[in-house]
Amino acid sequence: MNVSFLYICILLSPLLNSILLGLTGRFLGIRGAKRLTTLFFCTGTFVAWFLLISIMSANKLFSYYINLYTWLLIGDISCKFEFVIDPLTLIMATVIMTISTVVHFFSFEYLETDPHLIRFLSLLSLFTFFMLFLVSAANVTLLFFGWEGVGILSYLLIGFWYNRIPSLKGAIKAVLFNKIGDIALLFAIGLLISYCGSSDFGLIKENLPFLMQYHINIGNINISIAALICGLVIIAAIGKSAQLSLHLWLPDAMEGPTPVSALLHAATMVTAGVFLLLRFHGLIELFPAAKIGLMILGLTTAFAAGILSAMSTDLKKSIAYSTCSQLGYMFFACGAGLFTLSLYHLFNHAFYKALLFISAGRLIAITNAQDSRYMANSGFILPLNALYQIIAGLSLAGVPAFSGFYSKELILDQIGNSNFQFDGIYTYSVIFFLLGSASAFLTSYYTGNQLLQLLSESFVQEVLYFYKSLKKKIEFTAQAILLELGLLTLVFASIFSGSIFYFIFGTLDIFEQSVYTSSSKILSEVCFADLELGFFETIPLYCSLGGFFYCWLKVKKQKWSHKLKYLRMPRITSKFAYIIKQPVTFFWVEQKLYFEFWCCEFLIYNTFLVAFYLLQIIEKGFLDYYYTIWSYTKIDKISSTFLKYTQSGDMRIYILRVLQSFLISLVILIIVAFI
């Protein structure tokens, strides 16, 4: 079996689809574009699953390299256009292709009446290609190429409806916040090339002991180059995965089409930050401070995003905040050294989050409402879609027997069973455990809130009435069948992926032949069979079930729907005396915990204010004044004196001078070559 050829087929399938749709889409038409997309993506997904099952079932570690050519060669520094196929790459590629295929099928239905559907499919395919390129790169330089490609395509897709101002604002906001992480990653690549002589992951692994010996002085602080690179990589991951402090772009990105939200949140852009941590896991494990920081950041994000999601009335933004919360669990697992467990949670999360977004998007398209308060009893409109949403919600909340239960419960159990110690410093795992359990309670609360608003007590009767009163014959088109098959695949994965694919993550050390050798625990070391499920260990499970029960009590008594009032708070210029008088809980939640306030209205506003004064004083004042004086006195006269002899207006002389320059350059190159 030629693994390299098959993986190149996976990698090129979305790229070829994007190019063909972009060049020949107007000749193919809508129907031809849909057929072409279906052909390429179904083929790529089938090949990805075939490779994953056939190679991973052999229970052997593997690492294949595809070296196409040397992309850049400057002295001793070389950069190869090379891809690596290891367990991490193959798992990520399979998830990306599966989710992307179903999202493309959903786009056929969601944007059926949009005149720019072909352009959307082309951009979405290119977005998938850049994510595959990112996870397949064998060096950091190529990884950055895919990293930037994902960022640019996210801007184009979020702002796809360019006649809507909120979409454009959300796209610009996503680019600006991600640029913080992009600059950090660019500096890290520069340091790696400067001190290691290469950006190849294998050479970085070999030079890691020498990299620890180099130090740099920043002010009065002496810091090692390896620690600086580690910090820059973590900042890049925080920006791309929308962790706390750089999470503000994620809710506004929901202004784009729902297929973009589903693909961006489930398997592509936001998971790129977690993938970066997994690629650099060996470097992160060398620094206890970085691990503690990741643990604190992950659980804080999970808790804060859970609060924001529980109080959000926008259905898509509530799901977006839940994505931030789940990514927080992955960051915590990376900080705790459980990298395989973090990948396991990413694998499970991708399927049920895509199912949740697609089912919510279909409901929004039918009801023409995005506010969850106006969606009460709307489940009977699309009964099967409501069932999909229930399954995805239960898996998100970590209910037993669903895929989300396996990975999330393992993460929370490791928090409670381990007293993490780094260089003699205990990180108080009890506090982390309680914070993680509170996040699990919030997750089940906002999930139950959405499901109970979707359904009513008489849901079964309404469904039966819906089918009895249906006089029209239901037409099953090929497009509808494809979408339903894709959704049924996600339903199956949302229920069984945690148990079926446990052997992949439980029997192999996925990171043994990855970038670095790691002391990370494999999943079999933290399996359910070894757990003693006492009261303390089952607290997260009680919290998950308790969130549903508390939400049901609230709805049953019908108190919250009448008494809950969402406050409208003033801008930054208002006095803090007015702020203190407001109800504390809803005030802070309504203002998004004041991150939006400090970042957008304080930092950005003052930055633009400083830029305005610099424009008025320096550019339009000092520079324009003195440049005007010099231009009229000396610069224009001197330049015109010399340039007037080179401009004759005769085209033959211009062509002759171009040929003379070409011949002179050729002679110089020949002389240099022989010397």
Exercise for the section: Would you mind putting 390-400, 358-368 in packing order, based on average other-beta-carbon counts within 10 Å, highest first? Expected result: 390-400, 358-368
Completion exercise
the stretch 12-49 and the stretch 299-317 have their Cα centres apart by a whole-number Å value of 36 Å
Completion exercise
The distance between the Cα centres of the stretch 224-243 and the stretch 149-180, in whole Å, is 23 Å
Problem - Accessible area (Å², 1.4 Å probe, nearest 10) - Lys179 - result: 70 Å²
Practice task
Just check the stretch 1-99 against the gyration tensor rule for me: Cα atoms, a ≥ b ≥ c as the square roots of the eigenvalues, rounded for a/c under 1.5, and otherwise prolate or oblate depending on whether a/b exceeds b/c.
Solution key: oblate
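Sort 102-112, 654-664 by packing, meaning the average of other beta carbons within 10 Å per residue, with the highest value first.
Details: 102-112: 22.9, 654-664: 10.3.
Top of the packing list down: 102-112, 654-664.
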Handout entry: Residue-by-residue Karplus 3J(HN,Hα) for the stretch 221-233, coefficients 6.51, -1.76, 1.60, Hz, glycine and proline x
Key = 9, 9, 10, 6, 5, 4, 5, 5, 5, 4, x, 5, 5
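Beta carbons within 10 angstrom, averaged per residue: use that to sort the peptides 29-37, 441-449, 147-155, highest first. Before the final figure, lay out each step's value.
Numbers: 29-37: 17.1, 441-449: 25.7, 147-155: 21.1.
In decreasing order of mean packing, 29-37, 441-449, 147-155 become 441-449, 147-155, 29-37.
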Handout entry: Around Leu168: net Lys/Arg minus Asp/Glu count, Cβ-Cβ under 15 Å
Key = +1
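The values are calculated or read from the model by the stated rules, or taken from the named source; none is laboratory data. Because the structure is predicted, anything quoted here is derived from the model rather than measured. Backbone-built Cβ (ideal geometry, glycine too); neighbour counts: all protein chains shown. Accessible surface areas use protein heavy atoms only, side chains included; no ligands, DNA or RNA. Shrake-Rupley method; radii C 1.70, N 1.55, O 1.52, S 1.80 Å.
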